[in-house]
Amino acid sequence: MPQKFNRREWNSLILTGLAGSFIPSVFTSCSTTSVVPAALKGSQAASDAKELGIVLGVQTYSFRDRSLVEAIKAMQQLGVKSCELWAGHVEPRNNQWAAGQTGADAKKKQEQLAQWREKLSMDEIRSIKSQFDRAGISIQAYNGGIKDGISDEELDLVFRIAQTLGVDTVTSSATVSVMKRVDEYAKKYKMRVAMHNHAHIDKPNEFSSPDSFARAMDGLSDYLWINLDIGHFTAANFDAVAYIKQHHAKIHSIHVKDRKKNQGENMPFGQGDTPIAQVLQLIRDNKWPIPANIEYEYKGADTIMEVGKCLDYCKRAIKA
């Protein structure tokens, strides 16, 4: 079992350069000498990372208006070689929206999703992985849905899907209170779980602040990491640059979007308050193996066109 440290001990190890000696072997890709996580070594994404100095990809939620096949085609068209795979591109279409609905229609969709999960064969997941392999696109992590009411069977399934996809990390917009249960499965599967934040600072059980991340990891294993959404972090009036400087050793990846402060709207890249360029250059200059995944959420025109604009903006910032 990984050795545990409190925050003061961990920060001391970081400052003395000894932290790497205590990170489990599954995490040894996260040294400060390489911009490419171990899961991407030898891939086309790794070649792109060597050129840019950072792994630049997408969260496939950006293509939520498309099926999995269409999303893969869109990524190929845009030259994307690396992604974080959204559960909505794995689970049956339309069922992923049930959690945000009420009434008979939502109940029916939830029942259909439960039936799908119960009967799911890992051959179906292997088929999905094969589609990405043929397209030359690496999957960094599986973005699974984890909330307080999740059953043990459903929680275990999230990890089995991730394992079958060949990734070593699950990302999730989970809750602080569920992380103790999640940690047990993370240890069982020897797999990282990176917590994704939103801007809901009025909901203390959701990830939105530095404190919420700290509370979730307190007393648990080193398998718990952070998937930092710098747009939401900015909208919640926190400093993404300062946070990444201090906590980069526990950040698995970032989501890149542009939002205004004070719970402001999603904006086209460069029109909000999110320090996108500064964050990307910080990761590049320090050679931290932190993939940056675009998550397109503002109201644009054609999805492929808009994600292309986001990619171009980030590439210009990285090359500046």
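Near the amide H of E206, under 5 Å away, which other amide H atoms are found, from residues 5 or more places off or on another chain, if H is placed in the peptide plane?
Residues meeting the amide H criterion: V176.
With a 10 Å cut-off between alpha carbons and a GNM built on the chain, which of A301, A114, A235 moves the most?
Result for the chain, Cα springs under 10 Å: A301 fluctuates most.
With a ≥ b ≥ c the root eigenvalues of the C-alpha gyration tensor of the range 89-202, is it rounded (a/c under 1.5), prolate (a/b larger than b/c) or oblate?
Numbers: a/c = 1.56, a/b = 1.13, b/c = 1.39.
The shape class here is oblate.
Hey, what do the phi angles of the range 183-193 turn into as Karplus ³J(HN,Hα) couplings, whole Hz, using 6.51/-1.76/1.60 and θ = phi - 60°, x for Gly and Pro?
Here the 3J(HN,Hα) series is 4, 5, 6, 4, 5, 4, 8, 6, 10, 5, 10 Hz.
For the modelled label position 7 Å from the Cα of Q110 along Cα-to-Cβ, which residues of the range 140-175 have backbone nitrogen atoms closer than 14 Å?
147-151
Can you show me the helix-derived [θ] at 222 nm for the chain, built from DSSP H runs with n ≥ 4 at -39,500 (n - 2.57) apiece and divided by the number of residues, rounded to the nearest 500.
-13000 deg cm²/dmol
Among 269-276, 168-175, 40-47, 84-91, what's the highest-first ranking by average C-beta atoms within 10 angstrom per residue?
168-175, 84-91, 269-276, 40-47
Out of these labelled values of Rg and Dmax of the Cα atoms in Å, (1) 21.3, 72; (2) 20.5, 63; (3) 18.5, 57, which was calculated from the coordinates shown here?
(3)
Output the pairs from K41/K180; K260/K299; K81/K287 with a Cα-Cα distance over 24 Å in this structure; if there are none, say none.
K41/K180
Just to verify a number: FRET efficiency for K73 and E153, C-beta to C-beta distance, R0 = 22 Å, to 0.05?
After rounding to 0.05, the efficiency reads 0.10.
For N143, which sequence-distant residues (separation of 5 or more, or a different chain) have an amide H within less than 5 Å of its own amide H, given hydrogens modelled in the peptide plane?
Residues meeting the amide H criterion: L85, W86, A87, T171.
For the ranges 287-298, 128-139, what's the packing order if you count other beta-carbon atoms within 10 Å of each residue, average per peptide, and put the highest first?
In descending order of packing, they fall as 287-298, 128-139.
If amide hydrogens are placed 1.01 Å from N in the peptide plane, which non-local residues have theirs closer than 5 Å to the one on R259?
Those qualifying (amide H under 5 Å, at least 5 residues apart or on another chain) are M267, D273, T274.
Only the coordinates and a few stated rules stand behind these numbers; no lab work does. Treat the numbers as computed from the prediction; the structure is a model and nothing was measured. As a convention, Cβ positions derive from the backbone with ideal geometry for all residues, glycine included, and neighbour counts pool all protein chains shown.
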